[in-house]
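Visitor: Provided herewith is a single structure, encoded as structure tokens, for subsequent inquiry.
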Amino acid sequence: MKTAKICYYTLLLMRMSTNRFKINEVTLVYDASKIRNVAIIAHIDHGKTTLIDSIFRATQTDRENERMEERVMDGLSLERERGITIKAKHCSVEWNGYRINIVDTPGHADFSGEVERVLSMVDSVLLLVDANEGPMPQTRYVLMRALRLGLRPIVVVNKVDRPNAAPDSALDKTFDLFLELGATDEQCEFPVLYGSGLSGWMVKESSDIEGGLAKGMQELFEAIVEFVPPPKVDSGGALLMQVSTLSWSDYLGRIACGRVLRGTLERNAPLMVTHTKWTDHDQQSFEVVSQKKAVCAHLFITEGLERKEVDEVGAGDIVWFSGPDEITLGDTIADASAADSVLPPLDVEEPTVSMFFLVNTGPFAGEDGTAVTLRQVKSRLERETRVDPALRMEDIGRPDGVKVSGRGELHLGILIEEMRREGMEFCVSRPEVITRQDENGALLEPMEELIIDVPEEYQGVVIQKIASRRGELLQMENGGTGTLRLSFKIPTRGLIGYRGEFLTDTRGLGILASRFVGYDAWAGDVVSRSRGSMVCMDTGVATSYSLENLQERGRLFLEPGDRVYCGMVVGESAKPKDLPCNPAKRKQQTNHRSATKDATIVLDVPRKITVESSLEWIEDDELVEITPKSVRIRKSILDPTMRKRAETRATAA
């Protein structure tokens, strides 16, 4: 097939009759000067995905007769259910002859690994700041990463049409944040936009906010074209790019994504895949681990939300391709004749929380889903580590499981939920923080910056609970709206199990956000739970007769008709110690019957057990049993006699 470069304006005329990038047997290559690569970064719930919805509407990416869904970039079922972005995603729009590649990034700190690796593909970022909340913990982190890469952000003060919005104050705090993070003079001279991503308008001057709705997204596109530099590329050199994202297709296998830094990538072209690793991160030295030859079998670019197959992609554009069997994040892709061109590995921070993924050995194993073997667990986790740079799997020699490390409880909880929906059955242990030692042998643990927005009447209980978890109050701000902003420094393990308790203490009105800030000296013991477990002593079916008596001694996790087994945790005891019980106990049969006796039984609503709530609640000697239909809590050792012996040995040790 003949290949030629065609002016982008000609492309616009040709696309009136076709939506494909092949026209009259000609493959189209974009001019790098007409490309803008930008990522949208912000704290969670500051409006990144909603802004992209408005961008699509403004550029009429969808057909006019097609109804566009809300949060169209959140394609995963878990993202739509939870209202958060989990995976970074790519899209593109066309405006006035320019191709704008946009990367939507997660806002939660547990998924910051997604942000770190995609920033290498863009030339600038849109930093979204809520006009009411101002900069939050994740705002600081993502901005720090962008500034370190030398990017010049465009600040977007979002949600200025909300009640209590203070755009000027939010902008002042954002400028202070730039100074704190050591931004250069050029980076501090950032352009500013005000607007509402939900309503679909942006303006450059705060004085135009009142009439912003009539201006639409025009000024946002003008700012992107003016302030985002075109990619600095060498179109005439040999091919060079780096893998920043990985995907999987049942038909094509592994699909890699990255920005072409030099040359041109063609379909069926021979490639050299180079895998590297750091030898001294501080000195920025690395070594080549392996080099393998491959072929680019399929080649795609993103048009709107869809991938369009092409024959050739020029320097500066973001491309997807398949072909190499073994490819990982950070690999260098070069022309087969330029094997000496090698890029350093991607810089991704290490995980801070770990847990064990274990084979399900419970008596109900295999009844709700597929009871997997250790080999199957390893295979599934290895596949995940190849596409998630913040995830680690370590085989420590246990015959029943492996150790998995991630950025936080939510990061690992999402992985567990994905495996569960695939039909797998397995068990997981309580999350534990990953500790280090300094040069003197002192124990260090991960620390978090915690920011809490809470109504004034709940400040006392929040400060008390945080203090009991080794948290230190750093700052308190009163915005004059009846809500306080509290800033703490707290060990990561102090937050394990606290989020659910926090929502209960604040009646659901509090907002909690945290981010990892580094390692510090071990803060001392943290009491995570003051109550014991109600542990089942028999296998059977829970009865109303037994549960009526047990609910007076604690909070139950089950209801009549639920199956139970020996060693299963069925509730939270009202006392500190574990309480053996038999929820399957039946009423003794007698010759006397009363027609209304059982009708008087009144049971409290049981506590609903989810993956996240159970991970927060369990103790070190307990596991969470995950199946496609149920989430159960159990003791690590089911047999009560063996469990007692293990406790005795642990106490003696």
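The values are calculated or read from the model by the stated rules, or taken from the named source; none is laboratory data. Since the structure is predicted, the reported quantities are computational estimates derived from the model, not experimental observations. Positions of Cβ are generated from backbone atoms using ideal geometry, with glycine treated the same way; all protein chains shown enter the neighbour counts.
Visitor: Give the residue that is surrounded by the most Cβ atoms within 10 Å (Cβ to Cβ), with candidates limited to residues of segment 228-256 that are of a type in the set (A, V, I, L, M, F, W, C) and part of a strand (DSSP E or B).
Guide: 241
Visitor: Within segment 301-316, track down each residue that is touching an Asp or Glu at 6+ places or on another chain (Cβ under 7 Å) and farther than 15 Å from residue 255 by Cβ.
Guide: Those that are touching an Asp or Glu at 6+ places or on another chain (Cβ under 7 Å) and farther than 15 Å from residue 255 by Cβ: 311, 312, 315.
Visitor: Kindly check whether there is at least one residue in segment 196-203 that is touching a helix residue (DSSP H, G or I) at 6+ places or on another chain (Cβ under 9 Å), under 13 Å from residue 147 (Cβ atoms) and either polar (S, T, N, Q) or surrounded by 18 or more Cβ atoms within 10 Å (Cβ to Cβ) (or both).
Guide: No: zero hits.
Visitor: Inspect segment 273-289 for any residue being aliphatic (A, V, I, L, M), closer than 25 Å to residue 36 by Cα and buried (at least 18 other Cβ atoms within 10 Å of the Cβ) and give the result as yes or no.
Guide: There is no residue in segment 273-289 that is aliphatic (A, V, I, L, M), closer than 25 Å to residue 36 by Cα and buried (at least 18 other Cβ atoms within 10 Å of the Cβ).
Visitor: Taking into account only those residues within segment 499-537 that are in contact with a Leu (Cβ under 6 Å, 6 or more places away or on another chain) and either among the aromatic types (Phe, Trp, Tyr) or at pLDDT below 85 (or both), which is surrounded by the fewest Cβ atoms within 10 Å (Cβ to Cβ)?
Guide: The extreme case among them is 522.
Visitor: Being part of a helix (DSSP H, G or I), within 34 Å of the chain's Cα centre (by Cα) and either surrounded by 17 or more Cβ atoms within 10 Å (Cβ to Cβ) or not assigned by TED's automatic domain parsing to the domain that holds residue 450 (or both) is the requirement here; does residue 488 meet it?
Guide: Answer is no for this residue.
Visitor: Oh, and also: If you check 109, 88, 131, 58, which single one turns out to be on the phi < 0 side of the Ramachandran plot, modelled with pLDDT of 85 or more, surrounded by 19 or more Cβ atoms within 10 Å (Cβ to Cβ) and of a type in the set (Gly, Ala, Ser)?
Guide: The conditions single out 131.
Visitor: Take residue 496 and tell me if it is surrounded by 15 or more Cβ atoms within 10 Å (Cβ to Cβ), over 23 Å from residue 457 (Cα atoms) and not assigned by TED's automatic domain parsing to the domain that holds residue 45.
Guide: It is true that residue 496 is surrounded by 15 or more Cβ atoms within 10 Å (Cβ to Cβ), over 23 Å from residue 457 (Cα atoms) and not assigned by TED's automatic domain parsing to the domain that holds residue 45.
Visitor: I've got another one for you. What number of residues within segment 336-370 satisfy the criterion of being more than 29 Å from the chain's Cα centre (by Cα), among the hydroxyl-bearing types (Ser, Thr, Tyr) and closer than 30 Å to residue 112 by Cα?
Guide: Residues meeting the conditions: 1.
Visitor: While we're looking at this one, here's another question. Does segment 596-618 contain at least one residue that is polar (S, T, N, Q), assigned to a loop (DSSP other than H, G, I, E, B) and at pLDDT below 90?
Guide: yes
Visitor: Checking the condition part of a strand (DSSP E or B) and touching a helix residue (DSSP H, G or I) at 6+ places or on another chain (Cβ under 6 Å), which residue from 307, 259 passes?
Guide: From the options 307, 259, the qualifying one is 259.
Visitor: Still on this structure, please answer the following. Under the condition of being farther than 27 Å from residue 480 by Cα and of a type in the set (A, V, I, L, M), which residue from segment 134-147 is surrounded by the fewest Cβ atoms within 10 Å (Cβ to Cβ)?
Guide: Step by step, filter segment 134-147, then rank; the result is 144.
Visitor: On the basis of being assigned to a strand (DSSP E or B) and among the aliphatic types (A, V, I, L, M), does residue 319 make the cut?
Guide: yes
Visitor: For segment 509-529, give me each residue that is of a type in the set (A, V, I, L, M) and in a strand (DSSP E or B).
Guide: Hits for segment 509-529 are 511, 512, 513, 517, 521.
Visitor: Quick check on my filter: what residues within segment 437-460 are buried (at least 18 other Cβ atoms within 10 Å of the Cβ) and more than 30 Å from residue 480 (Cβ to Cβ)?
Guide: Once the filter is applied, which keeps residues that are buried (at least 18 other Cβ atoms within 10 Å of the Cβ) and more than 30 Å from residue 480 (Cβ to Cβ), segment 437-460 yields 445, 446, 447.
Visitor: Can you name every one of the helices (runs of 4 or more DSSP H) wholly within segment 136-227 that holds 2 or more residues which are of a type in the set (Ser, Thr, Tyr) and at negative phi?
Guide: 137-148, 167-180
Visitor: Next question. With the requirement that a residue be in a strand (DSSP E or B) and more than 16 Å from residue 329 (Cβ to Cβ), what does segment 277-287 give you?
Guide: Passing the criteria: 279, 280, 285, 287.
Visitor: Do you know which residues across segment 336-364 are touching a strand residue (DSSP E or B) at 6+ places or on another chain (Cβ under 6 Å) and among the hydroxyl-bearing types (Ser, Thr, Tyr)?
Guide: Correct list: 341, 352, 354.
Visitor: Strands (runs of 3 or more DSSP E) wholly in segment 541-581 with at least 3 residues that are outside the structural domain of residue 623 (by TED's automatic domain parsing) and surrounded by fewer than 16 Cβ atoms within 10 Å (Cβ to Cβ) - which ones?
Guide: none
Visitor: List the residue pairs whose Cβ atoms are under 7 Å apart, where the first residue sits in segment 402-429 and is closer than 16 Å to residue 387 by Cβ and at pLDDT 90 or above, the second is acidic (Asp, Glu) and not in a strand (DSSP E or B), and the two are 6 or more positions apart or on different chains.
Guide: Short answer, once both residue conditions are applied: 415/384.
Visitor: Within segment 204-215, can you find the residues that are at pLDDT 85 or above, surrounded by 15 or more Cβ atoms within 10 Å (Cβ to Cβ) and not basic (Lys, Arg)?
Guide: None - no residue of segment 204-215 is at pLDDT 85 or above, surrounded by 15 or more Cβ atoms within 10 Å (Cβ to Cβ) and not basic (Lys, Arg), so the list stays empty.
Visitor: Kindly check whether there is at least one residue in segment 114-128 that is of a type outside the set (Phe, Trp, Tyr), part of a loop (DSSP other than H, G, I, E, B), crowded, with 21+ Cβ neighbours inside 10 Å and in contact (Cβ under 8 Å) with a residue 60 or more places away in the chain.
Guide: Yes, segment 114-128 contains a residue that is of a type outside the set (Phe, Trp, Tyr), part of a loop (DSSP other than H, G, I, E, B), crowded, with 21+ Cβ neighbours inside 10 Å and in contact (Cβ under 8 Å) with a residue 60 or more places away in the chain.
Visitor: Which of (1) over 30 Å from residue 426 (Cβ atoms); (2) buried (at least 23 other Cβ atoms within 10 Å of the Cβ) does residue 314 not meet, given it meets every other one?
Guide: It fails just one condition, (2).
Visitor: If residue 51 satisfies every condition in (1) more than 28 Å from residue 149 (Cα to Cα); (2) at pLDDT 80 or above but one, which is the exception?
Guide: Of (1) more than 28 Å from residue 149 (Cα to Cα); (2) at pLDDT 80 or above, only one is false for residue 51: (1).
Visitor: Right, next: Being within 21 Å of residue 39 (Cα to Cα) and of a type in the set (Lys, Arg) is the requirement here; does residue 267 meet it?
Guide: So residue 267 fails the test.
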